[in-house]
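Here the structure comes first, spelled out in structure tokens, and everything after it is commentary.
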2 protein chains.
Amino acid sequence: MRFGGNDDEVLERLKWLASILAPALSAALRECGGVPLKGIIARGLSMGDEMHQRNVGCTGLFLRQLAPALVRAVDDRETLATILDFIGGNDQFFLNIAMVMGKAIMDPVRAIEGSSIVTAMTRNGTDFGIRVSGTGDTWFTAPVEMPKGLYFPGFTEDDANPDMGDSTIVETVGLGGFAMAASPAVAGFVGAGTAAEALDYTRAMFEITAGRNPEWTLPSLDFTGVPTGIDVRKVIESGIVPTINTGIAHRKPGVGQVGAGIVRAPLACFHQALAALAAELGVA
Amino acid sequence: MRFGGNDDEVLERLKWLASILAPALSAALRECGGVPLKGIIARGLSMGDEMHQRNVGCTGLFLRQLAPALVRAVDDRETLATILDFIGGNDQFFLNIAMVMGKAIMDPVRAIEGSSIVTAMTRNGTDFGIRVSGTGDTWFTAPVEMPKGLYFPGFTEDDANPDMGDSTIVETVGLGGFAMAASPAVAGFVGAGTAAEALDYTRAMFEITAGRNPEWTLPSLDFTGVPTGIDVRKVIESGIVPTINTGIAHRKPGVGQVGAGIVRAPLACFHQALAALAAELGVA
């Protein structure tokens, strides 16, 4: 995937991420023996995070665990202060970590014979794609939809690009739009309505998932687990598609994020996937 | 107030707080020009904190703001790591800060002629005391009640001391038990019931307060402000007393916290205060 329109500031930051931040995080993680993520996510769900458009709780929890190790791992004091400023200054820092965790959780689920569980969802600004366990590495794609949401001041839906990015791995593990009930604040931010309406988004996702994750629970639904394991059969039976909490990017490269909203996974991907799975099993 | 039964570990920690942590925090706050607290509280309320029995969100938000300044202000690297470990390892760290903020907010409200607003509530394990603005520095006291709550494993209400401590300044500014609606997780922790029942605690406090604070809002009540400014007249009219989210201390010194629960301010304090205020105004 190519990101056009990157100016010097963007390129400088990417270089800093690769040459300064990444080695520092790596050294700090070795110093403290790693930071277990599932417990942080569990706590984040009781702090209004859904781990896609809101990561303010988990970013703080992660920093609290990692900061002492960063101090011990990074020699230069000004570099250390800059790293802590960077993490501290970005409420969405943990999204990067949540995405990697999502991938690490779902990759071992790939290629289980007969399994109708979705192992990845992603979009590139043109198409939306899903992978299903029983059909291995095949992508099932359809034109991506436009997010519906709220725009930052000065922008409208005329500025929006069709939905893009890899962050839908977060919904694939039961977070983001699936965990909307955890996050009345994010419901307002993405234009999903009131706290009561936020619960409905999560309830709908129970209809299309294999189970509820007892490790990641939702206080506002009396601590039931997040809907987890999207089952293509249930999607087709119910006609309900995954809800994704997404950032809205400007259609011109380099402008960046112009809003936040909800986008629905296109049903056509799931039709193709179920047909392919049936063919694989010889029941088509 | 005397804390008996302090062993060497407690005394060592108190010494470390005074000689290492306090000067470091002070230097860091000067380094960064201070950390505004009202915005952190506002965010904490959307993260499940009520700032008395739950400060996990605000502790992270505070550390994110202060950590770079701590790095720049503290020379010794191991001391710095120890400080970050201490703050990072204590979900309730921010309670200390919330209490000081509460005092700083309410002290200027003291001694306003004719005002029936409560400016402080506190308890010492024997008595509960309140101060009211129109009657200045006079304390109105009554025997403190026993908290009702949940106990840590191995402890029962036979172990509990009557309620104690200065932290009720947090409820005095509309947080803690007054902001129970912000915190379904704390409702479970203090034995206040489900998320829906947590809302009722906050709704009751609207009956005895002068207003709703538009700077500190509650997502689960569609962003209405926290009930603020306890009015002794409304307490007496309604018979509703302030709800306090409290830690339960063991009755033997040195054992420490054995549970968490809810305690009610005794109505007798408010009766005395209203009578004194009426006498002060010549309407008794």
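Residue-by-condition table, conditions (1) in the same structural domain as A:Ile97 (by TED's automatic domain parsing); (2) out of contact with any Pro (no Cβ under 8 Å at 6 or more places or on another chain); (3) under 18 Å from A:Ala98 (Cβ atoms); (4) among the polar types (S, T, N, Q):
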site	(1), (2), (3), (4)
A:Val170	no, yes, yes, no
A:Val173	no, yes, yes, no
A:Gly176	no, yes, yes, no
A:Met180	no, yes, yes, no
A:Val190	no, yes, yes, no
A:Thr194	no, no, no, yes
A:Arg203	no, yes, no, no
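So, A:Leu45, is that one within 9 Å of another protein chain (Cβ to nearest Cβ) and closer than 22 Å to B:Asn90 by Cα or not? Here the answer is no, as A:Leu45 does not meet what is asked.
Where strands (runs of 3 or more DSSP E) fall wholly inside region B:62-143, the ranges with 1 or more residues that are in contact (Cβ under 8 Å) with a residue 40 or more places away in the chain and surrounded by fewer than 16 Cβ atoms within 10 Å (Cβ to Cβ) are B:140-143. Among residues of region B:76-108 being of a type in the set (S, T, N, Q) and at the interface with another protein chain (Cβ under 10 Å from one of its Cβ atoms), the one that is nearest to the chain's Cα centre (by Cα) is B:Asn90.
Does region A:248-271 include one or more residues that are in a helix (DSSP H, G or I), surrounded by fewer than 18 Cβ atoms within 10 Å (Cβ to Cβ) and either at pLDDT below 95 or aliphatic (A, V, I, L, M) (or both)? Please lay out each step first, then the result.
Taking region A:248-271 first, the residues in a helix (DSSP H, G or I) are A:267-271.
Still in the list and also surrounded by fewer than 18 Cβ atoms within 10 Å (Cβ to Cβ): A:267-268, A:271.
Subsequent filtering for residues that are either at pLDDT below 95 or aliphatic (A, V, I, L, M) (or both) retains A:267-268.
Among the residues of region A:248-271, at least one is in a helix (DSSP H, G or I), surrounded by fewer than 18 Cβ atoms within 10 Å (Cβ to Cβ) and either at pLDDT below 95 or aliphatic (A, V, I, L, M) (or both), which makes the answer yes.
One residue stands out in region A:54-75 among those that are farther than 16 Å from B:Cys58 by Cβ and in contact with a Lys or Arg (Cβ under 8 Å, 6 or more places away or on another chain): the one that is farthest from the other protein chains (Cβ to nearest Cβ), namely A:Ala73. B:Met47 passes every criterion in (1) hydrophobic (A, V, I, L, M, F, W, C); (2) modelled with pLDDT of 95 or more; (3) closer than 23 Å to B:Gly247 by Cα; (4) out of contact with any Cys (no Cβ under 6 Å at 6 or more places or on another chain) apart from (2). Scanning region A:144-161 for residues that are assigned to a loop (DSSP other than H, G, I, E, B) and either hydrophobic (A, V, I, L, M, F, W, C) or without any contact (Cβ under 8 Å) to a residue 40 or more places away in the chain (or both) yields A:Val144, A:Met146, A:Phe152, A:Pro153, A:Gly154, A:Phe155, A:Thr156.
For region A:195-229, filtering for residues that are at the interface with another protein chain (Cβ under 9 Å from one of its Cβ atoms) and at positive phi leaves 2. Residues in region B:211-226 that are surrounded by 17 or more Cβ atoms within 10 Å (Cβ to Cβ) and not in a helix (DSSP H, G or I): B:Arg212, B:Asn213, B:Trp216, B:Thr217, B:Leu218, B:Thr224, B:Gly225, B:Val226. Would you confirm whether or not region A:51-66 contains a residue that is in the same structural domain as A:Asp222 (by TED's automatic domain parsing) and of a type in the set (Ser, Thr, Tyr)? Checked region A:51-66: no residue is in the same structural domain as A:Asp222 (by TED's automatic domain parsing) and of a type in the set (Ser, Thr, Tyr). With respect to (1) without any contact (Cβ under 8 Å) to a residue 40 or more places away in the chain; (2) within 29 Å of A:Ala279 (Cβ to Cβ); (3) among the charged types (D, E, K, R), the lone exception for A:Asp166 is condition (1).
Of all residues assigned to region B:187-194, at least one qualifies as being within 14 Å of chain A (Cβ to nearest Cβ), of a type outside the set (A, V, I, L, M, F, W, C), assigned to a loop (DSSP other than H, G, I, E, B) and surrounded by fewer than 16 Cβ atoms within 10 Å (Cβ to Cβ). Please find, within region A:109-126, the residue that is farthest from A:Gly229 (Cα to Cα) out of those that are under 17 Å from the mean Cα position of the chain (by Cα) and not aliphatic (A, V, I, L, M). Only one residue fits best here, namely A:Gly125.
The values are calculated or read from the model by the stated rules, or taken from the named source; none is laboratory data. It should be emphasised that the depicted structure is a prediction, and the values quoted were computed from it without experimental measurement. Don't worry about glycine lacking a Cβ; one is built from the backbone with ideal geometry, like all the others, and counts go over all protein chains shown.
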